[in-house]
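Asks: Below is a structure I'd like to ask you about.
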Amino acid sequence: DVIKNLQMLPGVQAVGEGNTAFFVRGGSSDQNLILLDEAPVYNPSHLIGIFSVFNSDAVKSAEIYKGGIPAQYGGRLSSVVDIRSKDGNMKNYGGSATIGFLSARAMVEGPIVKDKGSFIVTGRRTYFDLFLKASSDPDTRNTSLYFYDLNAKVNYKLGEKDRLYIGGYFGQDVFKGNGFGLDWGNATGTIRWNHVFNNRLFSNTTAIYSNFNYGLGIRQSIQTFDWTAQIQEYSLKQDFSYSLNQNNELKFGIQLTGRSFQPGRFVPGSAESIFKTVELPLNHALEYAAYI
């Protein structure tokens with residue numbers, strides 16, 4: 001697990017045993033910027049932190065900046081974790097599957113057009129709920145406790161100087177049982193276009209989407225309700241890299257980010273419910289950034 005490995009580095013402290021949250025040099029866990037193919041992941045945890053959302057079958061590289069954070073990242077006080085997913089095999093088709101005690105996962109990759117484009121798709125799911133079906137207790141049998149996630153990426157050479165990447169992630173945790181339900185999940189999407197102007201100037205244009213949602217439900221007689229909250233982010237980036245000489249490189253760019261916050265929406269779960277609908281105001285934010 002990528003996050004569990006990062007917790008073993010100097011200056012990084014795990015929040016607790018078996019938890020994916022971490023502190024970096026005195027900062028809190030929400031001061032870490034965690035990126036998957038440049039898209040922010042707001043909650044990198046499955047099953048209350050036992051697993052991270054990053055499937056090792058899909059991860060190509062991971063970098064952590066514990067200090068001296070490069071200007072193009074911005075936005076967080078403590079650290080940056082920059083995770084990139086695999087691009088897929090451009091020459092041959094292949095795959096793998098793993099069945100473990102807690103989860104199962106599978107991966108398939110191959111060329112779209114040989115030596116020009118490729119794809120990779122990975123999936124993972126736990127199956128605690130399948131063991132619960134064997135219980136003699138009806139409440140236990142009807143309990144759902146699992147998570148799943150899916151990663152997909154396509155990359156394609158548009159020409160000698162252009163390359164297109166399209167990647168996405170979707171994952172959800174589900175816990176339901178005996179009149180109680182809890183679920184949360186992340187979704188990200190990235191479209192990136194790389195262009196080489198010449199042997200000194202390179203550009204990277206990226207459109208980014210990120211969503212984190214959280215839900216809570218109670219089903220107990222007339223005390224039934226559903227509560228949901230979410231944050232959505234849309235971002236457009238333009239990055240340039242210019243080689244001044246063999247020893248110096250100049251990076252500069254701009255970024256526009258829009259965010260939508262739904263702090264909470266509380267609705268009755270049935271017509272007999274004693275509760276009434278309560279919805280907190282939807283908030284929006286717009287952020288501009290430039291760096292050199």
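The values are calculated or read from the model by the stated rules, or taken from the named source; none is laboratory data. Fair warning: this is a prediction, and the values are worked out from it, not measured in the lab. Note that we place each Cβ from the backbone using ideal geometry, even for glycine, and neighbour counts take in every protein chain shown. Quick note on the areas: whole protein, heavy atoms, side chains included, nothing else; ligands and nucleic acids left out. Shrake-Rupley method; radii C 1.70, N 1.55, O 1.52, S 1.80 Å.
Asks: Using modelled backbone amide H atoms (1.01 Å from N, in-plane), which distant-in-sequence or interchain residues come within less than 5 Å of Ser45's amide H?
Replies: When sequence neighbours closer than 5 places are left aside, the close amide H contacts are Val53.
Asks: Calculate for the chain the 222 nm mean residue ellipticity that helices alone would give, adding -39,500 (n - 2.57) per DSSP H run of length 4 or more and normalising by residue count, nearest 500 deg cm²/dmol.
Replies: Mean residue ellipticity, 222 nm, calculated: -1000 deg cm²/dmol.
Asks: Then there is this: Beyond a 23 Å Cα-Cα separation, which of these cross-linked pairs lie in this structure: Lys116/Lys251; Lys4/Lys251; Lys66/Lys153; Lys86/Lys161; Lys86/Lys176?
Replies: Exceeds cut-off: Lys116/Lys251; Lys4/Lys251; Lys66/Lys153; Lys86/Lys176.
Asks: Treating the stretch 120-207 as a set of equal point scatterers at the Cα positions, no solvent, please give the Debye-formula log₁₀ I(q)/I(0) at q = 0.13, 0.25 Å⁻¹.
Replies: -0.61, -1.13
Asks: Enumerate by residue number the GluC sites (Glu not before Pro) in the stretch 184-284 meeting two conditions: DSSP loop (anything except H, G, I, E, B), and at most 15 other Cβ atoms within 10 Å of the site's Cβ.
Replies: Passing sites in the stretch 184-284 are Glu272.
Asks: Please identify the longest segment of the chain free of exposed trypsin sites (Lys or Arg not before Pro), where exposed means a DSSP state other than H, G, I, E or B and no more than 16 other Cβ atoms within 10 Å.
Replies: Value returned for the longest uninterrupted segment is 201-275.
Asks: Something else: Using a Gaussian network model of the chain whose springs link C-alpha atoms within less than 10 Å, name the residue from Thr206, Thr122, Thr140 with the highest mean-square fluctuation.
Replies: Top of the fluctuation ranking is Thr140.
Asks: Which percent of the Cα-Cα distances in the stretch 53-128 go past 21 Å?
Replies: Cα-Cα pairs of the stretch 53-128 separated by over 21 Å account for 48 percent.
Asks: A further question on this structure: Kindly write out, for the stretch 92-107 in residue order, the coupling ³J(HN,Hα) from the Karplus curve 6.51 cos²θ - 1.76 cosθ + 1.60 (θ = phi - 60°), rounded to whole Hz, with x marking Gly and Pro.
Replies: 9, 7, x, x, 7, 8, 9, 10, x, 5, 9, 8, 10, 8, 8, 9
Asks: Pull out the extension gain between Arg141 and Ile222, defined as 0.36 nm times the separation in residues minus the alpha carbon to alpha carbon distance; nm, one decimal.
Replies: Here the answer is 26.8 nm.
Asks: Quick check: residue separation of Phe101 and Tyr209 times 0.36 nm, minus the Cα distance between them. What number comes out in nm?
Replies: Here the answer is 35.5 nm.
Asks: Set the Förster radius R0 to 25 Å, insert the Cβ-Cβ distance between Ser243 and Ile191 as r into 1/(1 + (r/R0)^6), and round the FRET efficiency to 0.05.
Replies: 0.45
Asks: Any chance you could list P(r) for the stretch 228-281, counting all Cα-Cα pairs in 5 angstrom bins from zero, rounded to whole %?
Replies: 4, 14, 13, 10, 10, 8, 7, 7, 6, 6, 5, 4, 3, 2, 1
Asks: Treat the stretch 1-148 as a sphere of radius equal to its Kirkwood radius over Cα pairs and apply Stokes-Einstein at 10 °C in a medium of 1.306 mPa s; give the translational diffusion coefficient in µm²/s, rounded to a whole number.
Replies: 91 µm²/s
Asks: Based on the Kirkwood radius over alpha-carbon pairs, what is the Stokes-Einstein translational diffusion coefficient of the stretch 180-225 at 37 °C with 0.692 mPa s viscosity, in µm²/s?
Replies: Reported coefficient: 225 µm²/s.
Asks: May I ask you to give the percent of accessible area on the chain that is carbon plus sulfur, with a probe radius of 1.4 Å?
Replies: 58 percent
Asks: Please work out the Cα center distance from the stretch 184-236 to the stretch 257-292, rounded to the nearest Å.
Replies: Centre-to-centre (Cα) distance: 15 Å.
Asks: From the list (1) 1.05; (2) 1.10; (3) 1.14, can you say which value of Cα Rg over 2.2 N^0.38 Å was derived from the structure given?
Replies: It is the one labelled (3).
Asks: Using the beta-carbon distance between Val108 and Lys157 and R0 = 22 Å, what value does 1/(1 + (r/R0)^6) give for FRET efficiency, to the nearest 0.05?
Replies: 0.60
Asks: Residue by residue through the stretch 166-175, what is 3J(HN,Hα) from phi via Karplus (6.51 cos²θ - 1.76 cosθ + 1.60, θ = phi - 60°)? Round to whole Hz and write x for glycine and proline.
Replies: For the stretch 166-175, the Karplus-derived couplings read 10, x, x, 9, 9, x, 8, 10, 9, 9 Hz, x marking Gly and Pro.
Asks: Between Leu201 and Ala271, what is the spin-label point distance in nm, taking each point 7 Å from the Cα along the Cα→C-beta axis?
Replies: 6.7 nm
Asks: Could I ask something else about it? Taking the Cα of Asp115, stepping 7 Å toward and past its beta carbon, and measuring to each backbone N in the stretch 149-188: which are under 16 Å?
Replies: Only 157-161 pass the distance filter.
Asks: Say we join alpha carbon atoms closer than 10 Å with springs in a Gaussian network model of the chain; which of Asn151, Asn194, Asn247 then has the biggest fluctuation?
Replies: Highest fluctuation of the listed residues: Asn247.
Asks: Taking loop as defined by DSSP and a crowding limit of 12 other beta carbons within 10 Å, which chymotrypsin sites (Phe, Trp or Tyr not before Pro) in the stretch 189-270 fit?
Replies: Qualifying residues, ordered by number: Phe197.
Asks: If you take every residue apart from Asn198 with its C-beta less than 14 Å away from the C-beta of Asn198, what net charge results, scoring Lys and Arg +1 and Asp and Glu -1?
Replies: Result for the local shell: 0.
Asks: Which whole-number percent is the relative contact order of the chain (Cα, under 8 Å, 6+ apart)?
Replies: Worked out over the chain, it gives 11 percent.
Asks: Have a look at Gly171, Gly74, Gly26 and tell me which one the Gaussian network model of the chain (Cα, springs below 10 Å) gives the largest fluctuation.
Replies: Gly26
Asks: Given R₀ = 30 Å, what would the calculated FRET efficiency be for Phe180 paired with Ser61, taking r from the Cβ atoms and rounding to 0.05?
Replies: 0.15
Asks: Also: Can you give the Rg to Rh ratio for the stretch 163-252, taking only C-alpha atoms and Rh from Kirkwood?
Replies: Using Cα coordinates only, the ratio equals 1.31.
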